[in-house]
């Protein structure tokens, strides 16, 4: 047995990473997801917490495609997978 | 009386513009909104049509802020107005 270093995001204590860069990517994804969920909830107060959270995580997971869409290429979203 | 030229987007026949560039911006906004609504609806099938449409239009109206957020600056979304 030995002591080893693992990494996690303070936003998601359950998920542990052996690689710091991966933990950092996960943290950044969750940071964006939280900001998106809050923004969507403000825009459409009828959204449930769960819907807002699901949408935030979905968009954050596919941030490159959404970044392209918002820049100048809405067709980029056609590349999204059908299931979240 | 005289004949005059007005412009409109084929996605929104009711809104007329005196300026072609403005009509073009409106059309581009609606194109992005439609792509976003479809993407969100796929990600969260429990969304109503109205919710998906409202969210698509809200995000498309604020595309610059969302573009920044998706690029690398989630804090940009704090600048969104509270009401859509």
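Take each residue in A:56-67, count the other chain C-beta atoms within 10 Å of its C-beta, and the mean is 4. Inter-copy label distances at residue B:38, shortest first and taken from points set 7 Å along Cα to Cβ: 3.2 nm. Only DSSP H runs of four or more residues enter the estimate; each adds -39500 (n - 2.57), and after division by the residues of chain B the mean residue ellipticity at 222 nm equals -18000 deg cm²/dmol. Could you tell me how many degrees, from 0 to 90 and to the nearest 10, lie between the Cα long axis of helix B:49-61 and the main elongation axis, the longest principal axis, of the Cα atoms of chain B? Once rounded, the angle reads 80 degrees. Each listed q (0.14, 0.15, 0.16, 0.20 Å⁻¹) maps to a log10 I(q)/I(0) for the range A:1-43 from the Debye sum over equal C-alpha point scatterers, namely -0.40, -0.44, -0.48, -0.64.
Legend: calculated FRET efficiency, residue A:7 to residue B:64, from the Cβ-Cβ distance at R0 = 25 Å, rounded to 0.05, equals 0.15. Distances longer than 22 Å among the Cα atoms of the protein assembly as shown: what percent of all pairs is that? Taking all Cα-Cα pairs of the protein assembly as shown, the fraction more than 22 Å apart is 48 percent.
Taken residue by residue and averaged, Cβ atoms of other chains lying within 10 Å of the Cβ of B:33-39 number 5. Across chain B, Cα-Cα pairs more than 15 Å apart make up 66 percent of the total. Paramagnetic label reach from residue A:49 (point 7 Å along Cα→Cβ; backbone nitrogen cut-off under 17 Å): within the range A:1-24, residues A:11-13. Indicate the gyration tensor shape class of the range A:39-84 (rounded, prolate or oblate), computed on the Cα atoms with a ≥ b ≥ c the square roots of the eigenvalues: a/c under 1.5 is rounded; otherwise a/b larger than b/c is prolate and the rest oblate. Taking the square roots of the gyration eigenvalues as a ≥ b ≥ c, the range A:39-84 is prolate.
Every read-out reported here was derived from the displayed coordinates using simple, explicitly stated rules and does not represent laboratory data. Source: prediction; values computed, not measured. Virtual Cβ from ideal backbone geometry, glycine too; neighbours counted across all protein chains shown.
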